[in-house]
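Presented below is the structure to which this report refers.
Only the coordinates and a few stated rules stand behind these numbers; no lab work does. In this text, all values refer to a predicted model and were calculated from it rather than measured experimentally. Cβ placement follows ideal geometry from the backbone for every residue including glycine, while neighbour counts extend to all protein chains displayed.
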Amino acid sequence: MTAYPSPPASYDSSETESPAPPKGTHLEALGFSWTPPKGWKRTEDETSVRYTSPADTQQIVASVTQDFGDLFPTWQAANASLRGKNDHHLIRLGQTDFQGYPAATWEYTYTSRGIGLLVIDFGFSDGARTYEINTTYHESLGRGARATYDKVVDSFTPW
């Protein structure tokens, strides 16, 4: 099992001068903090934490692994292998940054059991670990599901 660092001192409740994390923030033993949606079901394993909406129509997953390096070429190859399968349609695949780290994002839709799904894979490496914050949701949820995901990603902080 991989050993993960302790939370940063700034999250030590004994340090009165340090600002408290926003209400609802979860400090995860995997080495990050985030604010997941309230009322969602939480499950976890040794490399990821998953939140599932009450109606089971959206999942948001954060995972941490040993440094995988640049995710972009891996996701390019994966996207190429999915072309023409399960109504796969690429929305966006590109390089970006996140909190000063190089990052990659891959958005696409596909059909599973007759349901149109939208997937957003987002990941970055800090040089020691690779973090991914992904969501899959029913396309019919539209902008609300995207807004929920964006709010969680905006709250994400590796440590």
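One table, with the values for the structure above:
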{"item": "Highest-fluctuation residue, Trp34, Trp75, Trp106 considered, GNM on the chain with Cα pairs under 10 Å", "result": "Trp75"}
{"item": "Cβ-based net charge around Pro158, under 13 Å, with every Lys or Arg adding one and every Asp or Glu removing one", "result": "-3"}
{"item": "Residue exposure sequence - Tyr149, Tyr110 - by fewest surrounding Cβ within 10 Å", "result": "Tyr110, Tyr149"}
{"item": "Debye, to nearest 20: dipole size of segment 43-158, +1 on Lys, Arg Cβ, -1 on Asp, Glu Cβ", "result": "440 debye"}
{"item": "Helix-only CD estimate at 222 nm, as mean residue ellipticity for the chain, using -39500 (n - 2.57) per DSSP H run (n ≥ 4)", "result": "-5000 deg cm²/dmol"}
{"item": "Kirkwood Rh in Å, taken over the chain so that all alpha-carbon pairs contribute", "result": "16.8 Å"}
{"item": "Per-residue Cβ neighbour rank within 10 angstrom, fewest leading, Glu46, Glu132", "result": "Glu46, Glu132"}
{"item": "Shape of segment 72-159, Cα gyration tensor, a/c cut at 1.5", "result": "oblate"}
{"item": "Ranking of Thr74, Thr35, Thr135 by count of other Cβ atoms within 10 Å, fewest first", "result": "Thr74, Thr35, Thr135"}
{"item": "Among His26, Ala147, Trp106 - extreme Cα towards positive end, dipole of segment 17-159, charges at beta-carbon", "result": "Ala147"}
{"item": "Spatially proximal lysines relative to Lys151 (Cα-Cα < 19 Å; intrachain offsets below 8 disregarded)", "result": "Lys23, Lys38, Lys41"}
{"item": "Rough spin-label spacing in nm, given labels placed 7 Å along Cα→Cβ, for His26 and Arg113", "result": "2.3 nm"}
